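Worksheet: one structure, shown below.
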Amino acid sequence: MEEPRHERYVNPFTDFGFKRLFGTELNKEFLISLLNAMFDHMSQSDSSEAGMVIKDLKYLPTEKLEQYGERRAVFDVYCEAENGERIIVEMQKASQDFFKDRSVFYSAFPIIEQGKVGQEWDFNLNHVYTVGILNFVFPGGEYDPDCFHHEVKLMDTTGKHVFYDKLTYVYLEMPKFKKREDELLTMYDKWLFILKNLSRLLDRPAALQERIFTRFFEQAEIARFTPDEARMFEESLKHYRDLNNVISSAERRGRAEGRAEGIRANALRMKADAMPAEQIARYTGLTIEEIDKL
C-alpha cells in the first residue's frame with residue numbers, strides 16, 4: 001500500500017504559512033522582492049509606480065486592522081517602506097460579501113495615522129498601497145477571464161485620468177494565473193507561480209535559480225520546522241481545509257439546488273403543454289406525486 005503523500009513545503013494560503021514567509025523580520029527580503037517584482041510589472045504600463053523600488057521596510061502593528069468584527073483574511077501584513085509608503089498585503093482565501101468595502105475601510109487606517117496631532121500639518125500624505133492576493137475570482141465575470149492583475153486608483157470618469165495617485169489597490173486573482181514553469185520570464189511570474197503552487201511542489205523548480213529562492217525554499221520546508229512551528233502549521237492547515245470544505249459544500253449545494261430548480265421549471269412547462277405525467281416523469285426523473293404538486 002502506498003504511503004499517504006505529505007506536502008514538502010508550507011501552504012502560503014494558511015495563516016501560519018503566509019506569516020512565516022512574508023510577515024516576519026527574519027524573512028522580510030521575500031516580501032521586499034515580491035513587492036518590487038509587482039512594482040516592476042506595474043511600471044510596464046503607464047502607471048505612476050514607474051521606478052518605485054523598495055530597499056527596506058519595517059513591519060507595523062496590525063491590531064488596528066483587526067479590531068472591527070471577524071477577519072476572514074488569512075493574514076494581514078502592514079508595513080512601511082523607507083520613504084514612508086504604507087503597504088497592506090493581504091492573503092484573502094475566500095470571497096465574502098462587501099469585500100471591496102472592507103478593502104477600502106482597511107486602507108483608511110494608514111491614511112488617518114499620517115495626521116499630525118498638535119502641530120501644523122499641510123496634509124501632505126505618503127502613498128498607501130493595499131495589495132490583495134486573492135484565492136478566488138471576483139464574482140459576476142467582472143473582469144476578463146485572462147486578466148488576473150488589477151490596479152485600481154481614484155479616476156476622473158470624464159477625462160479618464162488618475163485624479164489621485166497616492167492611493168492604490170492591487171488585486172491578484174490567483175486562480176487566473178495559469179503560467180507553467182517553462183513560461184516564467186519575470187520575477188513577478190516566478191513569485192506568483194510560487195504563491196499558487198508552493199504546497200504542491202516536491203522540489204524547487206529549475207526555473208527559480210535566483211539566490212533569494214534558495215533561502216525561500218529553505219524557510220518553506222516543513223521538515224525544518226521546530227515542533228512548535230509544526231504544531232502551529234497543522235492547526236493553521238486544518239482551519240484552511242475546513243474553510244475549503246465549507247465553501248465546496250456550499251457550492252455543491254448551490255449547483256444541486258440550481259439543477260433541481262431547472263428540472264422543476266422544465267416539468268412545469270411540459271405540464272402546461274398538457275404532456276402526460278408519466279412522460280414528464282420519464283424525461284425529468286420526478287415522481288408522479290411531485291409532478292401533481294407543481
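The count of lysine pairs in the stretch 164-207 that are at least 8 places apart or cross chains, and whose C-alpha atoms lie under 19 Å apart, stands at 6. In the stretch 163-249, carbon and sulfur make up what percent of the accessible area (probe 1.4 Å)? After summing per-atom areas, the C and S share lands at 55 percent.
Summing charges over all other residues whose Cβ lies under 10 Å from the Cβ of residue 164, with Lys and Arg as +1 and Asp and Glu as -1, gives 0. For the stretch 125-165, a Kirkwood radius taken over Cα pairs fed into Stokes-Einstein (37 °C, viscosity 0.692 mPa s) yields D = 258 µm²/s.
3J(HN,Hα) couplings calculated from phi for the stretch 165-175 with the Karplus curve 6.51 cos²θ - 1.76 cosθ + 1.60 (θ = phi - 60°) are, in sequence order, 9, 9, 10, 10, 10, 10, 10, 10, 7, 4, x Hz; Gly and Pro show x.
Compute the signed sum of charges (Lys and Arg +1, Asp and Glu -1) over the other residues within less than 9 Å, Cβ to Cβ, of residue 58. Here the count lands on -3.
The modelled label-to-label distance between residue 152 and residue 261, using points 7 Å beyond Cα along the C-beta direction, is 2.6 nm. Working note: Karplus 6.51/-1.76/1.60 with θ = phi - 60° gives the stretch 210-216 the couplings 4, 4, 4, 6, 4, 5, 4 Hz, where Gly and Pro are set to x. Subtracting the Cα-Cα distance of residue 214 and residue 108 from 0.36 nm times their residue separation leaves 34.5 nm of extension gain. Here the Karplus curve 6.51 cos²θ - 1.76 cosθ + 1.60, taken at θ = phi - 60°, turns the phi angles of the stretch 219-227 into couplings of 5, 8, 6, 5, 4, 8, 5, 6, x Hz, with x standing for Gly and Pro.
The values are calculated or read from the model by the stated rules, or taken from the named source; none is laboratory data. Every value quoted in this text rests on a predicted model; they were computed, and no experiment measured them. Neighbour counts are summed over all protein chains in view; Cβ atoms, including those assigned to glycine, are modelled from backbone coordinates with ideal geometry. In case anyone asks, the SASA skips ligands and DNA or RNA and just uses the protein heavy atoms, side chains included. Shrake-Rupley method; radii C 1.70, N 1.55, O 1.52, S 1.80 Å.
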